[in-house]
Amino acid sequence: MQVVWLKEVVAGDTMQFPEDAERFRDALTAIVQTLKSKNPNLHLLYVSSRTYGGYALRNGSQEPWAYEGGFAYKWMIEQWEEGQTPGDPWVAWGPYLWANGATPRSDGLAWELEDYIPSDQMHPNASSTAKVSAMLSQFFKTDPTARSWYTTSGE
């Protein structure tokens with residue numbers, strides 16, 4: 001395995017910012033180090049924070065923790081770039097999945113209540129999973145660091 005896409009959350013977080021994001025950053029760093037130790041051929045790792053968590057019916061990764069989780073990823077990437085953590089694998093952003101609920105981002109991405117499984121309103125339903133998959137595929141097809149290994153001949 002040479003490439004990983006990582007999308008992780010801390011379920012049930014109740015700490016305040018920035019302590020919550022710092023703890024999550026440290027957990028993400030440990031995950032990346034574990035992935036590398038178990039997969040020595042891992043060279044590229046892309047990260048995405050979660051989708052909007054404001055509709056969740058139970059304590060999983062609700063707002064503001066869903067949004068604040070993006071800072072954990074940002075800070076982990078910055079540490080990697082500054083050499084505070086091992087440089088291999090190369091760690092960078094993948095597609096950014098968070099949007100402020102039904103309020104569209106500049107690119108039009110929004111998360112409606114109907115995008116989530118009714119039983120918990122936290123996990124994306126089948127059509128939203130397809131939306132995330134399309135974003136991931138589009139990212140890999142167009143990102144300069146991924147395009148060469150992701151696309152197949154004939155695309």
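The values are calculated or read from the model by the stated rules, or taken from the named source; none is laboratory data. Owing to the predicted nature of the structure, the values given are computational and were not obtained by experimental measurement. Because the Cβ atoms are built from the backbone with ideal geometry, glycine has one as well, and the counts that use them run over all protein chains shown. Just so you know, the surface numbers come from the protein's heavy atoms only, side chains and all, with ligands and any DNA or RNA stripped out. Shrake-Rupley method; radii C 1.70, N 1.55, O 1.52, S 1.80 Å.
Taking 35 Å as R0, compute the FRET efficiency from the Cβ-Cβ separation of M15 and S148 and round it to 0.05. It comes out at approximately 0.30.
Multiplying the residue separation of E114 and W5 by 0.36 nm and removing their Cα-Cα distance gives an extension gain of 36.7 nm. Beyond 17 Å, the tail of the calculated P(r) for region 75-155 holds 62 percent of the Cα pairs. Grouping the Cα pair distances of region 36-125 into 10 Å bins from zero gives a pair-distance distribution of 16, 38, 27, 18, 1 percent in increasing distance order. Helices in the chain, meaning DSSP H runs of at least 4 residues, each add -39500 (n - 2.57). Divided by all residues, the mean residue ellipticity at 222 nm is -12000 deg cm²/dmol. This model, with +1 at the C-beta of Lys and Arg and -1 at the C-beta of Asp and Glu, gives the chain a dipole about its Cα centre of some 420 debye. Please give the per residue accessible area of the chain, computed with a probe of 1.4 Å over protein heavy atoms only, in Å². Value for the chain: 53 Å² per residue.
So if R0 is 35 Å, what FRET efficiency would N100 and N39 give, r being the distance between their Cβ atoms, rounded to the nearest 0.05? Don't skip to the answer; put the middle values down first.
Working: r = 35 Å, r/R0 = 1.00.
Computed FRET efficiency for N100 and N39: 0.50.
Just so you know, the Rg over Rh for region 1-87 is 1.00, from Cα atoms, with Rh as the Kirkwood radius.
Measure up K7/K74; K38/K131; K7/K131 against 19 Å on the Cα-Cα distance and list the ones that go over.
On the way: K7/K74 13 Å; K38/K131 31 Å; K7/K131 15 Å.
Flagged as over cut-off: K38/K131.
Modelled spin-label separation between S137 and N59, with each label point placed 7 Å from Cα along the Cα-to-Cβ direction: 3.9 nm. Around the amide H of W5, modelled in the peptide plane, lie the amide H atoms of Y46, all under 5 Å away and 5 or more residues distant in sequence or on another chain.
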